[in-house]
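Structure first, then comments.
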Amino acid sequence: MPAGSEPARLPVVDVHTHVVPKGWPDLAAACGGSGWPWLRVDSERAAMIMVGETEFRPVGAECWDAPTRLGDMDADGVDVQVVSPTPVFFSYDRPADQAVRVARIFNDLTLEVTAAGGDRLVPFCQVPLQDPDAACAELDRCLAAGHAGVEIGNHVGDRDLDDAGIVQFLTHCAEVGAPVFVHPWDMPGGPRLDRWMARWLAGMPAETHLSVLALILGGVFDRVPDTLRICFAHGGGSFPFWLGRADNAWHRRGDLVRGASTAPPSSYVDRFRVDSVVFSPPALRLLVDTMGVEGVLLGSDYPYPLGERPVGRVVREADFLTAEQRGMLLGGNALGFLGARP
C-alpha cells in the first residue's frame, strides 16, 4: 500500500431485510389448496397482506420497489441488503407439492425485484423445508438462478432444527456453500400472547432461543460440517442473555440437559452468527461479549415497523467498539457469511 494511502472502506451490509413481491398470482389456482395469503392493493405504494379476510400486515412500496429500497439504503448509509422472504409465505404446514410451487413463485419474483437493484440487493430464497429432498432441489435451482443463500423458519410444526430431515438440508447447505438465515415464525398464540404484539415481543425471542438450543443440545453442530454458515435473526433472541443458565444446567443436570451435545453450550457459539437487531448499546455490548465481535452481523428487519431505522444506528453509536470492530459489525462479518472476502 502506498505511503499515506487509506485502506478501502468495507461495504455496509444489512443481512436481515424482507421482500414482498407485488403481483403474485392467485395461489389457490397456481398451487392448489385454499386459505392462501393474498395482496389487497390499496394504492400504487400501499397494500395489505391478507390471510383469508383477515388483515395480516400493511406493506408499502419499499417491499417491492427497488428504487424505494435503494433510496432508503442511501439515506441510512447501507451499501448492500440481503433480501429474504417474508415468513408468512413459508407454507411449511401445507403438502410439500404446494410448498414447492409457492416457493418457486416467490423465489422467481424475488429475483425480479432484486435484479433492479444490481449488486446492491442480494436475494435469498425460501424452500419447502417439510420435505428435505424437495428443499435441497429448490435450493440448488435457486443458487443456479442467482440466489446467494436461503432463509428458513426456525421449525416445521413440532420438528425443530435437530430434526433429521432439517439436518439433511443444513448439511446440504454446508456442502454447496449456501449461507442460511434463520427467522422465527408461526409463534404460538392465545389470550396471553394475542395482545401488545406479545407474539413478536416475547414469542419470537423465545422461539429463536429454543432453536439455537436445538442445534446445540440436539447434537447438530457435532454432526454437520463446520463449513455451515448459519445466522439467527433478532440477535439470537433470548439465547445470548441466558447462555450462562444453559451452561449451568448442562453441568448440573446433564442427565436431562446434555442431549446429544458433547460440550457445554458456550463451546458452540463460534459455530453460528446472529444479527444486530437489539436496539440498544447495552444489549449490543452483551451480544458482542457473548458471541465475540466476529459473531455479530448488521441486520435491521427492514422494511417492517419493528426494525431498526436508521439502519446500523446502534452499531454506529456504540462507544465500546473500536473503529475496526465497528467495521466488522457493519460489513466485514457479513462478507464472510456471504462467502465473500474484503
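Bear in mind these aren't lab numbers, they're just calculated from the coordinates by the rules spelled out. Note that the structure is predicted; figures quoted are calculated from it, not measured. Methodologically, a virtual Cβ is constructed for each residue, glycine included, from the backbone with ideal geometry; neighbour enumeration extends over all protein chains shown.
Structure notes:
- For the pair Arg57 and Glu112 in one chain, pulling the backbone fully straight at 0.36 nm per residue adds 17.6 nm over the alpha carbon distance.
- Cysteines having no other Cys beta carbon under 4.7 Å from their own, within the chain: Cys31, Cys63, Cys136, Cys173, Cys231
- Summing +1 for each Lys or Arg and -1 for each Asp or Glu among the other residues whose beta-carbon sits under 10 angstrom from that of His234 gives -3.
- Globularity index of region 61-337, i.e. its alpha-carbon radius of gyration over 2.2 N^0.38 Å: 0.97
- Per-residue ellipticity at 222 nm, computed for the chain from helices alone with -39500 (n - 2.57) per DSSP H run of at least four residues, works out to -10000 deg cm²/dmol.
- Shape class for region 207-275, computed from the alpha carbon gyration tensor (a ≥ b ≥ c): oblate, with a/c not under 1.5 and a/b at or below b/c.
- The length gained by stretching the chain between Ala263 and Val88 to full extension, at 0.36 nm per residue less their Cα-Cα distance, is 59.5 nm.
- Point-to-point label distance, Ala323-Asp194, nm (Cα→Cβ direction, 7 Å offset): 5.5
- Measuring between their Cα centroids, region 158-207 and region 72-86 lie 23 Å from each other.
- Cβ-defined net charge surrounding Thr68, 10 Å radius [Lys, Arg +1; Asp, Glu -1]: -1
- The phi torsions of region 77-85, fed into the Karplus equation with coefficients 6.51, -1.76 and 1.60 and a -60° offset, translate into couplings of x, 9, 8, 9, 10, 8, 10, 10, x Hz, rounded to whole numbers, with Gly and Pro shown as x.
- Each of Ser91, Ser43 was scored by other Cβ atoms within 10 Å of its Cβ. Listed from fewest to most, they are Ser43, Ser91.
- Residues Phe56, Phe337, arranged from fewest to most other Cβ atoms within 10 angstrom of their Cβ, appear as Phe56, Phe337.
- Across Val122, Val277, Val269, mean-square fluctuation computed from a Gaussian network of the chain (C-alpha pairs under 10 Å connected) peaks at Val269.
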